[in-house]
Amino acid sequence: MHDDSVTEFDSDETLSALPQTGEREVETTLRPRKLSEFVGQPRVREQLELVLESARRRGVPPDHVLLSGPPGLGKTSLAMIIAAELNAAIRITSGPALERAGDLAAMLSNLAEGDVLFIDEIHRIARPAEEMLYLAMEDFRVDVVVGKGPGATSIPLEIAPFTLVGATTRSGSLTGPLRDRFGFTGQMEFYADEELDQVVRRAAAILGIEIDPAGSFEIARRSRGTPRIANRLLRRVRDYAEVRADGHITLDVTRAALKVYDVDELGLDRLDRAVLGALVHSFAGGPVGVSTLAVAVGEEPTTVEEVCEPYLVRAGMLARTPRGRVATAAAWEHLGLRPPAEHGRTDQSTLFD
Ligand SMILES: Nc1ncnc2c1ncn2[C@@H]1O[C@H](COP(=O)(O)OP(=O)(O)O)[C@@H](O)[C@H]1O
Ligand SMILES: [Mg+2]
């Protein structure tokens with residue numbers, strides 16, 4: 001039996017869509033290098049191919065690109081692929097690292113023509129840096145302020161034409177002016193089971209892991225539509241296969257291993273289950289506001305909103321309504337409970353925004 005106490009979350013990272021410490025190396029190994037190696041996301045891939053090819057033909061850096069979607073879906077990988085496809089160098093930073101406009105000015109003035117500047121978590125960029133970015137994106141220029149007080153002067157500085165690639169888990173909290181300066185937004189979607197199956201097989205081949213088709217599909221199916229989770233579950237099942245079996249991953253080995261790691265039939269993790277559990281047990285299925293829900297499971301509202309909810313919504317277990325979060329009949333059933341009678345009368349159109 002697993003223990004649902006909230007203090008457990010920190011140690012339960014197997015199923016988290018967020019990267020873990022010490023995982024960087026293997027993520028680098030498994031990262032697709034070319035657009036053609038990038039599994040899934042057909043819509044974003046096709047749109048991006050056009051943007052890149054057209055820029056190549058015209059001999060100019062492509063428009064700025066915004067990649068948006070939940071963690072672990074391939075935003076960083078895609079940013080690196082964009083640079084690789086353009087034969088360009090990539091400079092990497094993140095919103096939280098750009099606290100002062102000077103930090104950004106330094107990065108921008110070091111760019112060479114055609115470079116890709118990748119800003120991860122761009123929605124967390126500080127205001128002064130963001131304002132500097134407007135001009136840089138639009139006119140390839142920054143105004144550097146020298147001095148303080150009344151004697152301060154602003155010196156315009158030209159920067160090399162570059163392509164900004166921004167990634168965000170929250171495109172909704174980007175300011176309008178920033179969003180408008182991107183020529184293209186790629187909205188990343190959760191992956192289909194068949195696509196994740198390809199991700200798992202590809203990773204198994206790279207890591208030299210023997211896996212049956214049924215085993216790889218089972219891992220794919222329980223990875224919550226997220227390649228990062230699929231790759232991690234593969235490594236955990238490999239551990240089990242090596243220690244408790246002959247190293248070969250079959251369907252039975254996969255099921256037994258995922259049981260040990262407390263991965264449920266749908267791949268929901270403790271936090272997902274705690275959120276659904278709180279909704280159902282403490283709030284009678286909702287509606288309840290996200291902050292109240294977050295307090296009930298001992299998490300930050302942003303974690304519940306950005307990491308946990310997107311998949312629960314897509315799995316049809318949770319609905320975001322104007323009055324708050326609501327557990328759907330499927331959620332009650334997943335928890336082994338009977339949905340309250342009113343669910344029979346509530347049709348989907350009233351549940352979803
Ligand atoms: N489309 C994909 N095909 C194959 N592997 C992928 C794909 N997207 C992501 N991955 C794998 O998942 C891991 C996490 O992807 P990443 O690009 O870091 O996600 P994000 O930046 O959106 O959190 C990568 O190391 C890579 O191995
Ligand atoms: Mg990333």
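The values are calculated or read from the model by the stated rules, or taken from the named source; none is laboratory data. Given the structure is predicted, the values throughout are model-derived calculations rather than measurements. Methodologically, a virtual Cβ is constructed for each residue, glycine included, from the backbone with ideal geometry; neighbour enumeration extends over all protein chains shown. Please note that ligands, DNA and RNA were not included when accessible areas were found on the heavy atoms of the full protein model with its side chains. Shrake-Rupley method; radii C 1.70, N 1.55, O 1.52, S 1.80 Å.
The lysines within cross-link reach of LYS34, meaning a Cα-to-Cα straight distance under 22 Å and a gap of 8 or more places when in the same chain, are LYS75.
Computed over segment 270-350, the percent of Cα pairs more than 22 Å apart is 13.
Equivalent-ellipsoid semi-axes for the chain (Cα gyration tensor, √(5λ), whole Å, largest first): 39, 27, 18. Between GLU53 and GLU138, the FRET efficiency from the beta-carbon distance, with R0 = 25 Å, is close to 0.60. At a probe radius of 1.4 angstrom, the accessible area of segment 48-109 per residue rounds to 43 square angstrom.
With the whole protein complex present, ARG31 retains an accessible surface near 40 Å², based on a 1.4 Å probe. Accessible surface comparison of PHE217, PHE118, PHE190, probe 1.4 Å, protein chains only, largest first: the order is PHE217, PHE190, PHE118.
Every pair of different Cα atoms in segment 41-187 enters the Kirkwood calculation, which places the hydrodynamic radius at 15.6 Å. Computed in the context of the full set of protein chains, the accessible area of segment 270-350 at 1.4 Å probe radius has 50% of its extent on carbon or sulfur. Across segment 173-309, the fraction of Cα-Cα pairs farther apart than 27 Å, rounded to a whole number, is 39%. If both residues of a DSSP beta bridge must be in the chain, then about 40% of such bridges are antiparallel.
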